[in-house]
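Participant: Sharing a structure, written as structure tokens. Questions coming.
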2 protein chains.
Amino acid sequence: MEDDKHHADYTTFSASQSREEVLQTVIDSYEALTTGQDNWVCNLANASSLLWHAYHSLNVNVNWAGFYLTDKSVLDKQELILGPFQGKVACQQILFGRGVCGSAASEKVTQLVHDVNKHPNHIACDGETKSEIVVPILDESNNTVGVIDIDCLDYEGFSEVDQKYLEELAKLIIKTCKF
Amino acid sequence: MEDDKHHADYTTFSASQSREEVLQTVIDSYEALTTGQDNWVCNLANASSLLWHAYHSLNVNVNWAGFYLTDKSVLDKQELILGPFQGKVACQQILFGRGVCGSAASEKVTQLVHDVNKHPNHIACDGETKSEIVVPILDESNNTVGVIDIDCLDYEGFSEVDQKYLEELAKLIIKTCKF
């Protein structure tokens with residue numbers, strides 16, 4: 001980082017950038033911020049901020065951007081627990097297989113949901129959410145460490161473009177964080 | 001929680017509430033959300049969201065609300081590491097004694113800073129921050145577990161009223177979280 005750059009400046013995105021360029025900037029900034037830093041809470045807290053501000057710079061009505069992690073303290077079932085995020089207060093626990101986040105966690109496949117009301121068994125942390133993308137974070141042994149979850153107030157908020165960059169971010173998270 | 005209440009509704013504050021009432025609601029909501037839940041990441045992520053939305057409901061120009069935690073993995077020095085927050089990307093590490101957060105951590109006393117430019121050794125994560133309140137989170141043995149940090153874009157953003165409620169929140173965090 002240049003000497004005169006504040007950390008907050010990482011969340012300033014150029015208004016003229018395309019969606020691809022903004023999401024690539026998120027990845028580049030995440031990489032720069034995590035150099036020499038493997039604390040997952042710290043890294044995912046800043047990642048949530050990058051994602052939130054990136055989508056808002058693109059005028060995408062994201063109302064939640066953050067993470068759920070596999071809860072290692074729970075032994076009798078597979079459960080996600082709330083991690084760092086930006087947005088309104090969220091559900092603390094989600095069972096694997098339940099809702100969009102739980103489906104991504106158990107199926108280990110990105111869930112691109114254009115209309116949450118059409119998703120079987122959707123869990124509404126926020127009744128105003130209309131669409132959602134959830135990307136599993138899978139370790140080297142293909143175990144689910146957690147998920148990236150981004151919600152939007154509009155239908156069809158996300159596409160395969162978002163999926164591509166968020167899946168790349170998920171891989172980078174595994175490389176940079178000690179869980 | 002009532003059956004028809006979404007988690008996101010915890011961040012809806014009445015526009016007619018006084019500062020005292022809004023901050024008391026933060027404490028009450030934090031207590032409700034942490035019933036049966038002692039995961040500190042989960043609890044402080046939701047606490048950041050409560051604080052952010054509470055101050056915005058009061059039209060206080062808060063640009064950062066969140067937590068730094070004492071980094072137990074660092075043995076040769078006392079250092080804070082970034083925890084859950086809402087706002088722009090932030091500094092990852094702060095040495096005890098450095099800046100407003102580091103002073104609160106080492107002195108174990110709330111730092112109520114009306115003008116950050118007048119604070120000796122202020123660390124600017126965001127050049128736009130004008131005032132700040134940092135409350136130490138102290139465990140039963142009076143060790144610093146972390147700090148609550150809230151920044152404002154205006155001078156004199158916080159007063160003894162905020163200090164009172166945030167110090168109460170800090171005590172509640174110790175009661176409800178396993179660190």
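What follows draws every value from the coordinates through simple rules; no lab data is involved. Quantities reported herein were computed from a predicted structural model and do not represent experimental measurements. Here Cβ is always computed from backbone atoms with ideal geometry, including for glycine, and neighbour counts include all displayed protein chains.
Participant: Quick one: how many residues across the range B:89-110 are surrounded by fewer than 24 Cβ atoms within 10 Å (Cβ to Cβ) and assigned to a loop (DSSP other than H, G, I, E, B)?
Facilitator: Total meeting the criteria: 8.
Participant: Inspect the range B:67-79 for any residue being facing chain A (nearest Cβ under 9 Å), surrounded by fewer than 24 Cβ atoms within 10 Å (Cβ to Cβ), acidic (Asp, Glu) and farther than 19 Å from A:CYS91 by Cβ and give the result as yes or no.
Facilitator: Yes, the conditions are met somewhere in the range B:67-79.
Participant: So A:CYS91 passes all but one of these: (1) out of contact with any Phe, Trp or Tyr (no Cβ under 8 Å at 6 or more places or on another chain); (2) within 8 Å of chain B (Cβ to nearest Cβ); (3) free of Cβ contacts under 8 Å to residues at least 24 places away in the same chain. Which condition number does it fail?
Facilitator: Condition not satisfied by A:CYS91: (3).
Participant: For the range B:35-49, does any single residue satisfy the condition of being within 14 Å of chain A (Cβ to nearest Cβ), over 22 Å from A:SER49 (Cα atoms) and in contact with a Phe, Trp or Tyr (Cβ under 9 Å, 6 or more places away or on another chain)?
Facilitator: No, every residue in the range B:35-49 fails to be within 14 Å of chain A (Cβ to nearest Cβ), over 22 Å from A:SER49 (Cα atoms) and in contact with a Phe, Trp or Tyr (Cβ under 9 Å, 6 or more places away or on another chain).
Participant: Here's something else I'd like to know. If you scan the range A:7-34, which residues turn out to be within 12 Å of another protein chain (Cβ to nearest Cβ) and touching a residue at least 60 places away in the same chain (Cβ under 8 Å)?
Facilitator: Across the range A:7-34, the qualifying residues are A:VAL26, A:TYR30, A:THR34.
Participant: Then there is this: Pull up the range A:29-66, narrow it to residues that are among the hydroxyl-bearing types (Ser, Thr, Tyr) and out of contact with any Lys or Arg (no Cβ under 7 Å at 6 or more places or on another chain), then point me to the one that is surrounded by the most Cβ atoms within 10 Å (Cβ to Cβ).
Facilitator: The selected residue is A:SER48.
Participant: Just for the range B:131-149: of the residues that are within 13 Å of B:LEU112 (Cα to Cα) and of a type outside the set (A, V, I, L, M), which one is surrounded by the most Cβ atoms within 10 Å (Cβ to Cβ)?
Facilitator: B:ASP149
Participant: Another one. Checking B:ILE123 against (1) aliphatic (A, V, I, L, M); (2) over 20 Å from B:PHE179 (Cβ atoms); (3) buried (at least 24 other Cβ atoms within 10 Å of the Cβ): exactly one of these is not met. Which one?
Facilitator: (3)
Participant: Considering every residue within the range A:38-60, establish whether at least one is in a loop (DSSP other than H, G, I, E, B), among the aliphatic types (A, V, I, L, M) and in contact (Cβ under 8 Å) with a residue 24 or more places away in the chain.
Facilitator: Checked the range A:38-60: at least one residue is in a loop (DSSP other than H, G, I, E, B), among the aliphatic types (A, V, I, L, M) and in contact (Cβ under 8 Å) with a residue 24 or more places away in the chain.
Participant: Could you list, in sequence order, the residues of the range B:50-66 that are facing chain A (nearest Cβ under 10 Å) and in contact with a Leu (Cβ under 7 Å, 6 or more places away or on another chain)?
Facilitator: Across the range B:50-66, the qualifying residue is only B:ASN63.
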